[in-house]
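Single-structure report; data block below.
The values are calculated or read from the model by the stated rules, or taken from the named source; none is laboratory data. Remember, it's a predicted structure, so these values are computed and weren't measured experimentally. Methodologically, a virtual Cβ is constructed for each residue, glycine included, from the backbone with ideal geometry; neighbour enumeration extends over all protein chains shown. Each accessible area value is taken on the protein alone, full model and side chains, heavy atoms only, with ligands, DNA and RNA left out. Shrake-Rupley method; radii C 1.70, N 1.55, O 1.52, S 1.80 Å.
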Amino acid sequence: MENLEFYTAEPSDEILKSLQSSRQGLTEHDALLRQAKYGKNEIISKEIHWYDIFFRQFSSPFIYLLILASLLAIYLGEHTDGAMVLLFVMINALLGFYQEFRSEEALKILKRYITSKTRLIRDNKETFVESANIVPGDIVVLNPGDKIPADLRLIETTDLTVDETILTGESTTTKKVSTSLSNHVHNIYKAQNLGFSGTVVVSGKGIGVVFLIGKKTTLGEISRLTIETKHISSFEKGIARFSSYILRLIVITLILVFAANILIKGPQADIARLIIFSIALAVSVIPEALPVVITFSLSHGALKLAKNKVVVKRLSAIEDLGGIEILCSDKTGTLTENRLSVDEIYSKDNQILLFYAALASSQRLGKDDQVDSFDRAIWKKLSDKNKRQIEGFKKITEIPFDPVRKRNSILVKQKDIHLLIIRGAPEEILKLSHFADQRTHTNASLWIQNKGKEGKRVLAMAFKKIKMPEDDLIGEEKNLEFIGCISFHDPIKPTAFTAIKKAESLGVNIKILTGDSKEVAATVAYEVGLIQDKNKVITGDEFISQTQDKQHQSVNEYQVFARVTPEQKYKIIQLLEEKHEVGFLGEGINDAPALKIANVALVVDSAADIARDTADIVLLHKSLQVIVEGIRLGRETFSNTNKYIKATLSSNFGNFYTVAIASLLVNYLPLLPLQLLLINLLTDFPMIAIAADSVETAELKNPKSYDIREIALIATILGVVSSFFDFMFFILFSRISASVLQTNWFIGSILTELVFLFSIRTKLPFLKAAKPPKIILSLSLLAAAIAVTIPFTSFGQNIFSFITPSLSDLILIGTVVFFYLIATEVVKVLYYRSSFYLKTQSKI
């Protein structure tokens, strides 16, 4: 790292001077000039271009098999067949490219919603700037949970500790200082007064001046750290297991059929043609459009979610969202508005209490654009006189709010007077304060308790005059002078009631994990209908003191957990995940461990950087309703993907086994390779459109998972029905001629697959099902029209070896297709009403 010794050894004022900056920060004009000179603060990762997506379509082993078949056909002199196989490959590749390109564009749009921002001092005032626009010389303000956006020299610190695991590999935190280092520093491990890009502030506060950005930072130079680890979701694992199962089944079957053909036909077997036929047969049964269906379905869902202010960072998270059985969340902002107003003040002097509460703000004093909802409510209630008086106080240092300490501390100065002001949870402030008599303490406690029962949030305040400021502020937090308390009204969101009912209809169990008091949490949960008994609330301390067996019982028994610490949240989620799929909505740095272990991690857009990095889903608007809607959409996506798998496997497997066995019974191929590929292509279009299908309410009631056993069973049962009717085509037409069988079986195969799609898309009799979207109807009619008309064309006859079917043959095909639909409907309805199926569903 360049000039490491200079930036660690020189005084902070010299560093500022060398960077032509000051503690007041750069001006916006200077920042723009420097950005033109130094560029964006970005570590450029590999950009995905359109041609990367196009060539990715040819990475499948089945594509390689088709290309091999094409080359083999050309080698045997079948140039038309070879060229047509390559054409099928290109059509499939273009179809996949189109959908994947659209999904990549969708992801780019989504990324614009979740740009990272950093708190800077520019033009002598704090402001938020996109991290990519930071330049050397910028003054960065660091708070717990912030990801340090660039390499910087610290010029002010207050109990600042940083997690540098990303650089050092060590899990311990590093204490940071702002003083110059006397020893020569040659590596980053000893650079205690530097903050490095990508590391995370764990506690305390700091201010630093940026000296390196983008690729030139320590993180930018370590290329191995820029390689992202791919997150494998529950959905992706399920699809991988399913694909592996199908592949093994097909390979084993083809080997047996290939060997049987050679044994039965002996010298008459045409090995080369048999290889091409086997490859085409394999491709016809493989659900090769599954990635396209999934991509289309997920990207479609992602854009719908984005309209509802929910942004997914990876597409597969949508289906994981649909799999949530238990959603753990704070109540603030989800059940309540987080739009606080002062309800009542408990103090000898209300204006003094409000004044001290405003002084204890974590924001820059005297501003009316406070971010914290408590600060905003306090500032609104403050008199104009007190607002002006605040300008006379200088903030010396502070300890931000910590969910473990349940309070924040700030040291301010006016002339020679130093005031330490503590603000936080009433029970903590009461412990730290001294009272002239027990009655005063009791009265305050009773007031706080009563306000809690009313569902009001309460902040308590205390202070202490310090003659000389000490480095150890925490050590001074004792024998405080109690000032009083403020209760706040946080209205319940009107949407909370309907959201909870909707969650219940989806089988989602909502659990509240809050830092608020037991009384407040109970009142809010009771009012929205989450609990029926206000006593059914447990605190984090009560929970953690239980035995392991009792904790397992409590996580299932209780809906509301109050005064929970981050460690207790982690434990609750860990126990729930032993039997359930759990979603967790967090936002602070201390939520990061719980977010990491949750099956689905959700954060709000204003969450700490470390929490945002961990999350799968970002909420631009914190609301229980949008989360529940996301769960519903995730289940719709799962249902439609599942429909495609069942539809394509049931029909394709029936056709696959029938054609494979038929090849052993006649001395010609029952369907030619090109005919098999055309069947595959024509039926894929309406099958892919199933991703946009409507979903019945019953399908959304409970989370589902990819049950390979159930999919294989229904595919086998309906595949047998399909095979029976495929053999009907074989029996009816095989004795006439090869061309008659091939043409009529081609038409029959496509028509049976199309009517089967309308049957399998619902568990109800298909006439009672929800009306299918126009796109499915249109593509199905188009595919049927092509299937019936192409044998009449010279193109179909010359390229695909069809003959003109007779009217009697078409009537016969139509009759078989009709009875196939009736048989499929009867078997389907009986299966879904069977005790076996109902038993398997009760276990999910």
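Kindly evaluate LYS646 against the criterion of being among the basic types (Lys, Arg) and touching a helix residue (DSSP H, G or I) at 6+ places or on another chain (Cβ under 7 Å). The answer is yes for LYS646.
Against the test of being surrounded by fewer than 20 Cβ atoms within 10 Å (Cβ to Cβ) and either at pLDDT below 90 or within 41 Å of the chain's Cα centre (by Cα) (or both), the options PRO765, PRO772 yield a single qualifying residue, PRO765.
The single condition among (1) farther than 19 Å from LYS331 by Cα; (2) at pLDDT 90 or above; (3) open to solvent by 10 Å² or more (accessible area, probe 1.4 Å); (4) not in a helix (DSSP H, G or I) that GLN532 does not meet is (1).
Give the residue, chosen from ILE661, ILE690, ILE717, that is closer than 30 Å to TYR98 by Cα and either in a helix (DSSP H, G or I) or out of contact with any His (no Cβ under 8 Å at 6 or more places or on another chain) (or both). One residue alone meets the criteria, ILE690.
For the residues LEU779, LEU757, LEU812, LEU830, the requirement of being assigned to a helix (DSSP H, G or I) and surrounded by fewer than 17 Cβ atoms within 10 Å (Cβ to Cβ) singles out LEU830. Exactly one residue out of ARG735, ARG709 is charged (D, E, K, R) and not in a helix (DSSP H, G or I), and it is ARG735. When the residues of the range 332-355 are filtered to those that are outside any helix (DSSP H, G or I) and among the hydrophobic types (A, V, I, L, M, F, W, C), the one that is farthest from LYS381 (Cα to Cα) is LEU335. Counted as qualifying within the range 431-518 are the strands (runs of 3 or more DSSP E) with 1 or more residues that are surrounded by fewer than 16 Cβ atoms within 10 Å (Cβ to Cβ) and at pLDDT 90 or above, namely 480-489.
Please go through the range 1-29 and pick out each residue that is open to solvent by 80 Å² or more (accessible area, probe 1.4 Å) and of a type in the set (S, T, N, Q). Scanning the range 1-29 gives ASN3, GLN20, GLN24.
Taken as a whole, the condition of being of a type in the set (Phe, Trp, Tyr) and in a helix (DSSP H, G or I) applies to TYR644. Of the residues GLN546, GLN574, GLN553, which is in a helix (DSSP H, G or I) and more than 21 Å from LYS331 (Cα to Cα)? None of the others qualify; the one that does is GLN553. Of the set (1) farther than 23 Å from LEU87 by Cα; (2) of a type in the set (Ser, Thr, Tyr); (3) free of Cβ contacts under 8 Å to residues at least 60 places away in the same chain, all apply to THR789 but (1). If you go through the range 615-622 one residue at a time, do you hit one that is in a helix (DSSP H, G or I), of a type outside the set (Gly, Ala, Ser) and either surrounded by fewer than 22 Cβ atoms within 10 Å (Cβ to Cβ) or touching a Ser or Thr at 6+ places or on another chain (Cβ under 8 Å) (or both)? No. Against the criterion of being open to solvent by 20 Å² or more (accessible area, probe 1.4 Å), touching a Pro at 6+ places or on another chain (Cβ under 8 Å) and in contact (Cβ under 8 Å) with a residue 60 or more places away in the chain, ALA692 qualifies. When the residues of the range 542-568 are filtered to those that are at pLDDT below 90 and not polar (S, T, N, Q), the one that is most open to solvent (accessible area, probe 1.4 Å) is GLU567.
Considering the range 610-626, and only residues there that are under 11 Å from the mean Cα position of the chain (by Cα) and aliphatic (A, V, I, L, M), the residue that is nearest to ILE148 (Cα to Cα) turns out to be ALA615.
State the number of residues belonging to the range 696-726 that are polar (S, T, N, Q) and either open to solvent by 70 Å² or more (accessible area, probe 1.4 Å) or at pLDDT below 85 (or both). Looking only at that region, the number is 4. Between a residue in the range 186-206 that is closer than 15 Å to ASN3 by Cα and touching a residue at least 12 places away in the same chain (Cβ under 8 Å) and any residue that is among the acidic types (Asp, Glu) and assigned to a strand (DSSP E or B), which pairs come within a Cβ distance under 8 Å, given they are 6 or more apart or on different chains? Close Cβ pairs (under 8 Å, with a partner that is among the acidic types (Asp, Glu) and assigned to a strand (DSSP E or B)) amount to LEU194/ASP151; GLY195/ASP151; PHE196/ASP151. Take the conditions (1) open to solvent by 10 Å² or more (accessible area, probe 1.4 Å); (2) within 29 Å of the chain's Cα centre (by Cα); (3) over 30 Å from ILE466 (Cβ atoms); TYR526 misses just one of them, which is (2). Restricting MET90, MET84 to residues that are out of contact with any strand residue (DSSP E or B) (no Cβ under 6 Å at 6 or more places or on another chain) and either at pLDDT below 65 or surrounded by 14 or more Cβ atoms within 10 Å (Cβ to Cβ) (or both) narrows the list to MET84. The residues of the range 775-786 that are closer than 23 Å to SER806 by Cα and free of Cβ contacts under 8 Å to residues at least 60 places away in the same chain, listed by number, are LEU781, ALA784, ALA785.
Within the bounds of the range 790-805, is there any residue that is open to solvent by less than 10 Å² (accessible area, probe 1.4 Å), in contact with an Asp or Glu (Cβ under 6 Å, 6 or more places away or on another chain) and of a type outside the set (Asp, Glu)? No; the residues of the range 790-805 include none that is open to solvent by less than 10 Å² (accessible area, probe 1.4 Å), in contact with an Asp or Glu (Cβ under 6 Å, 6 or more places away or on another chain) and of a type outside the set (Asp, Glu).
Under the condition of being among the small types (Gly, Ala, Ser) and over 18 Å from THR173 (Cα atoms), which residue from the range 129-158 is surrounded by the most Cβ atoms within 10 Å (Cβ to Cβ)? Taking the candidates together, the pick is ALA150.
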